[in-house]
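K.L.:
Next up is a structure, given as structure tokens.
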Amino acid sequence: MKNSIRYVLAPALGLLLAVTSLTAGPGGGGKDTRSSAKSNVNNASSNRNTNNNTNKNRNTNVNNNTNVNRNTNVNKNTNVNVNKDVNVNVNNNNHYDNGCCYHSGVGGAVAVAAAATTAAVVTSAVIGSRVTALPPACTVAVVNGVTYQQCGSTWYQPQFSGGSTTYVVINAPR
Amino acid sequence: MKRNIGYTIAALLLATGLSAPLPAQDKAPEAMNALNYMGTYLRTLKDFQVEAVVTTEDVLTDGQKVQFGSKTNILAQLPSKLRVSVEGEQKSRLFLYDGSTFTLYARRVGYYATVPAPDTIGKLIDVVSEKYDIQIPLLDLFLWGGPKAGADEITSADDIGPGVVEGVTCEHYAFRQPGLDWQVWIQLGDHPLPRKLVLTTTTDEARPQHTSVLTWNLAPSYSEDAFVFDPPADAHKIVFAEVKDASAGN
């Protein structure tokens, strides 16, 4: 797992390397998916072409809030203390099931993980933000019949979003 | 007489349409008929099983293409029962529909979600697309030959010639429509089934392709339980994000 190694090393090498990794993304070059082949000739109902759900998630600039994406809350705070013993091993196969590619959700997960551990700057990951992969060491919690993932002090609600599983940061349900 | 000849030529050109730019539509009737024949036949099937060997491509930001393989298995009992399993290199999904509820199960992560569903596969395809942005794999098999088939989208249709898919003699057709070039190999004879589909997306200059090779079983044996979800002990129930949420920011 090349990507795991990269991320295990990154914290040890300190802020600069960690931030570089975040910016470049894992997967050798940080390429994201810009489009997918259409899989059907006929449109189900509307003419919506639904193939591009994963395209706009990538925070190519971690220090910048201007990305047009659903992770708009993963913001400039994330470059603080990234090296603070966050084992950013997001190639967490237990929670990876989204098709191409590892890196399409990694930026969000990493940023949230970092933010969650920098309590001095940000008290928690921003409620309502959405990632496609969880940080490591999460546990499943079922509260009132609803499934959550608790990762440290951050809670996520998994859901099917289009064909993918995504995780929305929520307030602790208990 | 010179003048008359000139007028005659002009009239001929007008009559044949050559004086104007060629119309966008150039559809070989035999190709359109074959599509129609296939669709009509598909709509006569009461139950069937199809295994599809699929390869699909994603385009990365710099235009590089990457390919993924998967196997899709469909069991359908028209009009209201459906089981579709997708085992991909990076993704596994089970779609279950029993005529009243729809369940999506992601085996590798152990999540499933269940919602009430309409009473036909056709409506199900619409509802899950509109509401949850979910495409039922190979939904074309359920739309061709029906009112939702987008035959009027087609701008070009050709009969390419004879073809063979997995040893089955077929005729090979090619179509163009906005954003998509596609080909279908239709089995010759009394069972005009699509045996192979190649879809080339033309909205991206890298033109990613999606190929499905289909193996049909028109007399499947199955239990009604096949359409009912029985959650494994370690599965966790989650929810579907509705499109108005899912598309925020898109």
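The values are calculated or read from the model by the stated rules, or taken from the named source; none is laboratory data. The structure displayed is predicted, hence computed values, not measured ones. Note: ideal-geometry Cβ built from the backbone for every residue, glycine included; neighbour counts use all protein chains shown. Please note that ligands, DNA and RNA were not included when accessible areas were found on the heavy atoms of the full protein model with its side chains. Shrake-Rupley method; radii C 1.70, N 1.55, O 1.52, S 1.80 Å.
K.L.:
Does region B:159-189 hold any residues that are over 22 Å from B:Val53 (Cα atoms) and within 14 Å of chain A (Cβ to nearest Cβ), and which are they?
P.N.:
B:Arg176, B:Gln177, B:Pro178, B:Gly179
K.L.:
Let me ask another. So, in region A:163-174, of the ones that are outside any strand (DSSP E or B) and farther than 16 Å from A:Ala133 by Cβ, which residue ends up most open to solvent (accessible area, probe 1.4 Å)?
P.N.:
A:Arg174
K.L.:
Taking region A:131-167 as the region of interest, how many residues are within 12 Å of chain B (Cβ to nearest Cβ) and not hydroxyl-bearing (Ser, Thr, Tyr)?
P.N.:
17
K.L.:
Identify the single condition in (1) modelled with pLDDT of 95 or more; (2) open to solvent by 70 Å² or more (accessible area, probe 1.4 Å) that B:Phe95 does not satisfy, given that it satisfies every other one.
P.N.:
Status for B:Phe95: all satisfied but (2).
K.L.:
So which residues in region B:177-199 are buried (at least 19 other Cβ atoms within 10 Å of the Cβ) and either in contact with a helix residue (DSSP H, G or I) (Cβ under 6 Å, 6 or more places away or on another chain) or assigned to a strand (DSSP E or B) (or both), if there are any at all?
P.N.:
B:Leu180, B:Trp182, B:Val184, B:Trp185, B:Ile186, B:Gln187, B:Pro192, B:Pro194, B:Arg195, B:Lys196, B:Leu197, B:Leu199
K.L.:
To continue, here is another question. When residues of region A:143-162 are filtered for being surrounded by fewer than 22 Cβ atoms within 10 Å (Cβ to Cβ) and in a loop (DSSP other than H, G, I, E, B), how many remain?
P.N.:
4
K.L.:
Test each condition in (1) facing chain A (nearest Cβ under 10 Å); (2) closer than 30 Å to B:Leu94 by Cβ; (3) more than 12 Å from the chain's Cα centre (by Cα); (4) hydrophobic (A, V, I, L, M, F, W, C) for B:Ile154 and report the one that comes out false.
P.N.:
(2)
K.L.:
Still on this structure, I have one more. Here are some conditions: (1) in a strand (DSSP E or B); (2) within 12 Å of chain A (Cβ to nearest Cβ). B:Leu82 meets all but one. Which one does it not meet?
P.N.:
Tallying (1) in a strand (DSSP E or B); (2) within 12 Å of chain A (Cβ to nearest Cβ), B:Leu82 fails exactly one: (2).
K.L.:
When you scan region B:136-144, do you find a residue that is at the interface with chain A (Cβ under 9 Å from one of its Cβ atoms), free of Cβ contacts under 8 Å to residues at least 60 places away in the same chain and open to solvent by 30 Å² or more (accessible area, probe 1.4 Å), even just one?
P.N.:
No: region B:136-144 contains no residue that is at the interface with chain A (Cβ under 9 Å from one of its Cβ atoms), free of Cβ contacts under 8 Å to residues at least 60 places away in the same chain and open to solvent by 30 Å² or more (accessible area, probe 1.4 Å).
K.L.:
Return the residues of region B:65-79 that are within 14 Å of chain A (Cβ to nearest Cβ), open to solvent by 20 Å² or more (accessible area, probe 1.4 Å) and touching a residue at least 40 places away in the same chain (Cβ under 8 Å); say none if nothing qualifies.
P.N.:
The answer is B:Lys65, and nothing else.
K.L.:
Is one or more of the residues making up region B:159-176 under 17 Å from the mean Cα position of the chain (by Cα) and open to solvent by 80 Å² or more (accessible area, probe 1.4 Å)?
P.N.:
yes
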